[in-house]
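The values are calculated or read from the model by the stated rules, or taken from the named source; none is laboratory data. Since the structure is predicted, the reported quantities are computational estimates derived from the model, not experimental observations. Methodologically, a virtual Cβ is constructed for each residue, glycine included, from the backbone with ideal geometry; neighbour enumeration extends over all protein chains shown. We work out accessible area using only protein heavy atoms, side chains counted, and drop any ligands, DNA or RNA first. Shrake-Rupley method; radii C 1.70, N 1.55, O 1.52, S 1.80 Å.
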Amino acid sequence: MSFDHLQEAIIAKKNPTVAGLDARIEYVPQYIRDAAYAQHGVGLQGACEAIWQFNVGLIDALCDIVPAVKPQSAYYENLGWRGMEMLERTIAYAKSKGLFVIADIKRGDIGSTASAYAEGWLSAASIEGQAFKTFDADCVTLNGYMGADSINPFLKAAKGEDKCVFVLVKTSNPGSGELQNIPAGEGDTVYGVMSDLLEKWGAGTQGKYGYTMAGGVTGATHPQELREIRARMPHTFLLVPGYGAQGGTAEDVQYAFQDKGRGAIVNSSRGIMCAWQKTGGDGHDFQEAARNAAIAMRDDICRYITIE
């Protein structure tokens with residue numbers, strides 16, 4: 001199953017991190033923007049070309065350091081069909097470089113609509129009896145707060161493709177407690193109930209390393225809850241956002257990992273993509289800056305865990 005592939009990539013690179021590819025046009029160095037605008041004009045097409053060139057440069061700089069990348073679809077959807085086409089190319093390019101791709105889509109619909117999303121992102125669209133792949137990500141993020149009906153179509157698609165999903169459990173945003181921390185039964189919380197449901201939804205799909213195809217999203221900004229969730233979900237692979245720019249630390253994220261540094265991957269987006277903005281240059285060093293930031297993040301986290 002796909003989390004086996006991700007875990008093996010983490011072990012091979014001794015790096016439990018994923019680099020976000022959440023590029024807004026203002027994150028792209030000006031010289032790349034200027035070249036794209038000169039060719040395609042200041043507008044959607046020019047912006048997409050600039051972000052594409054930026055993404056390619058980031059992937060080239062990071063592919064031997066990080067095991068995975070995580071494009072957030074919102075930063076492509078806001079550019080319309082050109083942005084989505086560029087996202088499709090970005091995913092394909094990352095995979096060609098041997099990277100595991102987590103499409104951060106946070107879908108949460110049900111029934112035939114969920115099935116259509118799953119076909120687009122994980123399996124394939126059926127046209128006249130033939131299957132045609134589109135985004136073809138290795139994994140997607142989902143919102144499971146509509147229950148199993150919103151997750152099962154994705155699990156079905158993922159199982160057929162040896163892929164996987166990450167479902168929101170306890171998110172990193174400050175307002176997450178408004179719903180997720182509400183008491184639910186004696187001594188429990190909504191996120192605790194979701195933890196148990198996620199273990200149930202994935203039951204029977206454990207792979208080589210003991211993790212089901214249904215992973216969970218748990219924020220680094222809530223380390224106590226993260227520690228609790230890790231103990232409660234022994235068969236669930238965790239995606240941990242919130243490190244760096246949102247305030248989560250390496251000391252916080254250590255609680256996501258099990259023995260031998262397994263079972264979790266930590267995300268950083270702006271900390272890596274925008275590292276060039278802190279070097280004092282004009283952005284021509286964006287690849288070196290991103291690479292250095294990714295190495296520093298890896299080394300920071302590995303002060304607290306040992307990957308074997």
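Per-structure values
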{"quantity": "Degrees between helix 286-301 axis and first principal axis of the chain (Cα, 0 to 90, nearest 10)", "calculated": "20 degrees"}
{"quantity": "D (Stokes-Einstein, µm²/s), Kirkwood Cα radius, the stretch 89-241, 1.306 mPa s at 10 °C", "calculated": "99 µm²/s"}
{"quantity": "Rounded to 5, the percent of DSSP beta bridges in the stretch 1-154 classed as antiparallel", "calculated": "25 percent"}
{"quantity": "With every protein chain in place, the stretch 198-308: carbon and sulfur % of accessible area (1.4 Å)", "calculated": "44 percent"}
{"quantity": "List PHE257, PHE54, PHE132, ordered by accessible area with a 1.4 Å probe, largest first", "calculated": "PHE132, PHE257, PHE54"}
{"quantity": "Global geometry of the stretch 1-95, whether rounded, prolate or oblate, following the gyration tensor of its Cα atoms and the 1.5 cut on a/c", "calculated": "prolate"}
{"quantity": "Rg/Rh ratio calculated on Cα atoms of the chain (Kirkwood radius)", "calculated": "0.96"}
{"quantity": "Lysines with Cα under 18 Å of LYS133, excluding same-chain neighbours fewer than 8 positions away", "calculated": "LYS95, LYS156, LYS159, LYS163"}
{"quantity": "Counting DSSP beta bridges with both ends in the chain, the antiparallel % (nearest 5)", "calculated": "15 percent"}
{"quantity": "GNM flexibility winner over the chain from PRO29, PRO71, PRO183 (Cα, springs under 10 Å)", "calculated": "PRO183"}
{"quantity": "Kirkwood Rh in Å, taken over all unlike Cα pairs in the stretch 127-211", "calculated": "14.8 Å"}
{"quantity": "C-alpha long axis of helix 2-13 to longest principal axis of the chain, angle in °", "calculated": "60 degrees"}
{"quantity": "At R0 = 25 Å, FRET efficiency that the Cβ-Cβ distance of GLU128 and GLU88 yields, to 0.05", "calculated": "0.70"}
{"quantity": "Straight-distance crosslink candidates among aspartates and glutamates, where the alpha carbon sits under 15 Å from LYS200 and sequence neighbours closer than 8 are dropped", "calculated": "ASP149"}
{"quantity": "Inter-site label distance for GLU26 and ASP188 at 7 Å from Cα along Cβ, in nm", "calculated": "4.3 nm"}
{"quantity": "Under 5 Å, built H, 5+ apart or other chain: amide partners of VAL18", "calculated": "VAL266, ASN267, SER268"}
{"quantity": "Qualifying trypsin sites (Lys or Arg not before Pro) in the stretch 212-303, DSSP loop, other Cβ atoms within 10 Å at most 11", "calculated": "ARG303"}
{"quantity": "In the stretch 173-202, GluC sites (Glu not before Pro) in a DSSP loop with at most 16 other beta-carbon atoms within 10 Å", "calculated": "GLU186"}
{"quantity": "Efficiency of FRET between ALA12 and LYS159 - r from beta-carbon atoms, R0 25 angstrom, step 0.05", "calculated": "0.50"}
{"quantity": "Extension reserve of the HIS40-GLN53 stretch, reckoned as 0.36 nm per residue once the Cα distance is removed", "calculated": "3.4 nm"}
{"quantity": "Kirkwood-based shape ratio for the stretch 166-308, expressed as Rg/Rh from alpha carbons", "calculated": "1.03"}
{"quantity": "C-alpha long axis of helix 223-232 to longest principal axis of the chain, angle in °", "calculated": "50 degrees"}
{"quantity": "Accessible area (Å², per residue) of the chain, counting only protein heavy atoms and a probe of 1.4 Å", "calculated": "41 Å²"}
{"quantity": "15 Å cut-off, amide nitrogen to a point 7 angstrom out along ASN181 Cα→Cβ, residues in the stretch 205-245", "calculated": "219-229"}
{"quantity": "The stretch 1-77 - percent of accessible surface contributed by carbon and sulfur, probe 1.4 Å", "calculated": "52 percent"}
{"quantity": "Fraction of the pair-distance distribution of the stretch 90-164 above 14 Å, Cα-Cα pairs, percent", "calculated": "58 percent"}
{"quantity": "Within a Gaussian network of the chain (alpha carbon springs, distance under 10 Å), most fluctuating of ILE182, ILE91, ILE229", "calculated": "ILE182"}
{"quantity": "Contact order normalised by residue count of the chain, Cα under 8 Å, 6+ apart, percent", "calculated": "20 percent"}
